[in-house]
Amino acid sequence: MKHVFFTHDQIQERPNKRYAAPDPFQIHYHFRPARPANLVVTRDPVTRELNVSAGTLGPLTWHPYTMCLHINRSGSPHTYANLTIGGHCVIALPGRDIVKETWYTALQLPRGVNELEVAGLTECPSNLIDIPGISECPVNFECIVEFKQDYYSHAIVFCRVLGASIHEKVLSMSREEVVNWYPTYEVDDVCNEFGGSVERLGVMGDLLECPRFPQATKSCWSGKFDKWMEQLADEKYITVETKNIINGLLPKYYDLLEKAPESNEYQALKAFYTQLSKSIIALDWPTVEELSARWK
């Protein structure tokens with residue numbers, strides 16, 4: 001597949017001079033991947049009024065469960081000011097049924113105006129913090145702010161999840177129903193009739209699975225290589241002798257990788273494990289046995 005290269009400045013151009021298109025956003029949106037959309041509920045430390053802002057997030061760690069918010073400092077000045085280290089917030093995930101309401105919360109209203117009320121959304125009490133969630137959102141995360149750093153036009157805010165509430169009806173939904181309802185993603189921009197930029201939300205759509213055993217470990221992509229080989233032998237895809245050869249060479253491979261990555265022996269082992277992995281993925285078991293036998 002042929003690729004067309006764009007410099008940083010060319011990526012920013014709308015319309016794009018490097019690869020002209022009738023739609024000024026046609027090139028631009030390729031370089032802005034879909035971002036999970038969220039609503040952030042905070043409380044003004046002075047007036048104690050609630051503030052709601054639309055934004056994007058990304059999971060950081062699973063243990064403990066943490067998330068990173070990306071806050072536009074000029075576009076969401078009140079949320080930016082309210083998010084203080086040690087303070088609390090609620091991260092709510094909107095569904096496709098409240099897209100307009102989600103964008104209403106992004107309007108730059110005067111400080112103190114409750115965006116929830118303006119957008120026609122309603123509060124739901126939190127269990128662990130004094131900031132409410134949003135009833136219309138299927139999931140509300142109660143969080144504590146642990147890190148905040150200005151970065152160019154935005155602030156990076158790390159939040160640790162203390163607990164979460166979920167709509168009871170969501171718990172009985174099929175996975176296909178869930179991914180076609182929420183969470184929403186900021187997916188692209190289009191021009192309106194006034195030449196303004198209109199961002200659009202979408203949902204995930206089809207579920208695409210990663211490889212399963214035997215083309216991956218029984219725990220899927222996260223399993224260790226030597227455990228994968230043991231599982232293949234247990235299920236008779238490869239012989240025990242082949243498994244012993246493959247796993248027995250691993251200490252030497254890693255030692256050479258550390259001490260002599262330019263050596264012919266390391267390069268040969270690297271080629272072996274590369275071709276071996278390709279053969280397993282292709283379910284070509286005779287080749288797996290043949291490749292391994294060369295290393296007896």
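Computed from the coordinates by the stated procedures, all read-outs in this text should not be read as laboratory data. All values reported here derive from a predicted model rather than from experimental measurement. Cβ coordinates were reconstructed from backbone atoms using ideal geometry, including for glycine residues, and neighbour counts include every protein chain displayed.
For R96, state whether it is in contact with a His (Cβ under 8 Å, 6 or more places away or on another chain) and touching a residue at least 40 places away in the same chain (Cβ under 8 Å).
For R96, the condition - in contact with a His (Cβ under 8 Å, 6 or more places away or on another chain) and touching a residue at least 40 places away in the same chain (Cβ under 8 Å) - is not met.
Quick test for you: out of C159, C137, C143, pick the one residue that is in a loop (DSSP other than H, G, I, E, B), of a type in the set (A, V, I, L, M, F, W, C) and under 20 Å from the mean Cα position of the chain (by Cα).
The unique qualifying residue is C137.
In the set G120, G133, G87, which member is farther than 24 Å from S153 by Cα, small (G, A, S) and free of Cβ contacts under 8 Å to residues at least 60 places away in the same chain?
Only one candidate passes the filter, namely G120.
Against the condition surrounded by 15 or more Cβ atoms within 10 Å (Cβ to Cβ), over 30 Å from P183 (Cβ atoms), under 31 Å from the mean Cα position of the chain (by Cα) and of a type in the set (A, V, I, L, M, F, W, C), how does M204 come out, does it pass?
For M204, the condition - surrounded by 15 or more Cβ atoms within 10 Å (Cβ to Cβ), over 30 Å from P183 (Cβ atoms), under 31 Å from the mean Cα position of the chain (by Cα) and of a type in the set (A, V, I, L, M, F, W, C) - is not met.
Among the listed residues E142, E123, identify the single one that is in contact with a Cys (Cβ under 9 Å, 6 or more places away or on another chain) and either exposed (fewer than 11 other Cβ atoms within 10 Å of the Cβ) or acidic (D, E) (or both).
On inspection, the qualifying residue turns out to be E142.
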